[in-house]
Structures are given as structure tokens and as C-alpha cells.
1. Which members of the range 102-114 meet the condition of being of a type outside the set (Phe, Trp, Tyr) and surrounded by fewer than 19 Cβ atoms within 10 Å (Cβ to Cβ)?
2. Out of curiosity, is residue 106 in contact with a helix residue (DSSP H, G or I) (Cβ under 8 Å, 6 or more places away or on another chain) and more than 16 Å from residue 37 (Cβ to Cβ)?
3. Could you figure out which of (1) in contact with a helix residue (DSSP H, G or I) (Cβ under 8 Å, 6 or more places away or on another chain); (2) at pLDDT 85 or above isn't true of residue 95?
4. Quick one: in the range 16-34, which of the residues that are in contact with a helix residue (DSSP H, G or I) (Cβ under 6 Å, 6 or more places away or on another chain) and open to solvent by less than 10 Å² (accessible area, probe 1.4 Å) is nearest to residue 78 (Cα to Cα)?
5. Does the range 43-53 contain at least one residue that is closer than 19 Å to residue 17 by Cα and open to solvent by less than 40 Å² (accessible area, probe 1.4 Å)?
6. How many of the residues making up the range 57-79 are in a helix (DSSP H, G or I) and either open to solvent by 10 Å² or more (accessible area, probe 1.4 Å) or among the charged types (D, E, K, R) (or both)?
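The values are calculated or read from the model by the stated rules, or taken from the named source; none is laboratory data. These numbers come from a predicted model, not from an experiment. Note that each Cβ is placed from the backbone with ideal geometry, even for glycine, and that neighbours are counted across all protein chains shown. Please note that ligands, DNA and RNA were not included when accessible areas were found on the heavy atoms of the full protein model with its side chains. Shrake-Rupley method; radii C 1.70, N 1.55, O 1.52, S 1.80 Å.
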Amino acid sequence: LEQRLSSLEDSVSFINRCTQKVCDDRAVKGRERAMVRALIVYRLILDEGSMTPDNIISRIARYGGISAGNLKFGNRGPRTASLRHVASHAMKSFGYSFPDTGYRMGGRDHSTIIFSWKKVNEAIIKYRDSIDNILRMETIPQQQPSLDEFPDDENYYSRCLRRIDGGL
């Protein structure tokens with residue numbers, strides 16, 4: 001995954017394509033599908049190296065098609081919750097403590113972050129090979145956008161997701 005994603009729309013399209021392939025191969029539906037999609041987003045940001053908590057939240061939210069505020073404080077729908085679990089796991093993976101991660105994820109208790117950590121670990125074990133195989137076969141659009149290139153308009157994310165078939 002040395003090549004980088006060139007725009008938000010390309011990244012959402014790429015993530016949706018990969019999610020569809022993994023889910024078709026493994027007959028995954030519902031909440032598990034949302035977790036597979038979140039794991040693909042996670043896999044893409046892991047290639048970017050060490051990051052600050054705010055950068056982790058921002059990247060996962062933008063690649064996931066939601067706002068950073070919604071990721072931290074938003075609803076409990078499967079898509080948002082899966083992305084929130086993955087963001088918590090990513091922060092812990094980059095060395096932040098459970099209490100610090102909970103604080104940065106909207107004031108959540110450390111036990112909630114421990115639950116997220118375990119849930120994502122189980123999903124990684126279950127889907128790692130399938131996701132890695134799909135990502136190796138897929139062509140990733142070329143250039144990585146800077147954070148400044150992503151629009152802050154929440155309606156933009158909704159329009160992107162509506163245009164792409166197979167969105168969650």
C-alpha cells in the first residue's frame with residue numbers, strides 16, 4: 001500500500017469496493033459488514049505511520065465518510081460505532097493509554113475503550129487475511145491528500161456516499 005489515495009471520493013469508493021469484495025467472499029452482512037469496512041479504513045491509516053490522536057480521529061472519520069465530531073460524540077449506528085471502535089484501537093496501538101484514549105474519544109470511560117480494543121482484536125483475527133488479500137489485488141488511487149484538502153462540509157460526505165453504489 002505504498003501508493004496513496006488521491007481524494008476523499010476516491011478513498012470512499014476504494015473502501016466501498018474492498019468492503020464489497022471481502023463481504024462477498026466471506027458472506028458477511030449487517031453489523032459485521034460495518035466492522036469490515038472500518039477495518040479497511042484502519043488498515044489504510046496504519047500505513048501512514050505514527051500519528052497524534054486528533055490526526056487518527058480525523059483520518060478515520062474522513063475515510064469513513066463521517067465528521068470527526070460524529071465519530072467522537074455521534075450515534076450508535078453500526079457504521080459510526082465500528083469506526084469509533086477502530087479509532088480507539090488505533091490510538092491504543094500508537095501508545096496512548098486507555099483513559100487518555102477514552103477522554104479523547106468524547107469522554108468515554110476506559111472500560112469502554114477496553115471493550116473496543118477486544119472487539120477490534122477479534123475482528124482483526126477473523127478478517128485480516130481476507131482484507132490483506134483484497135488490498136493487495138486492488139489498485140489504490142495515487143496521491144495522498146493533506147488534511148487541508150478534505151472539505152469540512154458534512155453534506156459533502158453524504159453526497160459522496162450516495163453517489164457510490166454499495167455504500168453502508
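1. Within the range 102-114, 106, 107, 109, 110, 111, 112, 114 meet the criteria.
2. yes
3. Only one criterion in (1) in contact with a helix residue (DSSP H, G or I) (Cβ under 8 Å, 6 or more places away or on another chain); (2) at pLDDT 85 or above is unmet by residue 95, namely (1).
4. 34
5. The answer is yes, given that some residue of the range 43-53 is closer than 19 Å to residue 17 by Cα and open to solvent by less than 40 Å² (accessible area, probe 1.4 Å).
6. Number satisfying all stated conditions: 10.
Yes/no per residue for (1) surrounded by fewer than 14 Cβ atoms within 10 Å (Cβ to Cβ); (2) part of a helix (DSSP H, G or I); (3) β-branched (Val, Ile, Thr):
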| residue | (1), (2), (3) |
| --- | --- |
| 55 | no, yes, no |
| 85 | no, yes, no |
| 100 | no, yes, no |
| 116 | no, yes, no |
| 120 | no, yes, yes |
| 127 | no, yes, no |
| 132 | yes, yes, no |
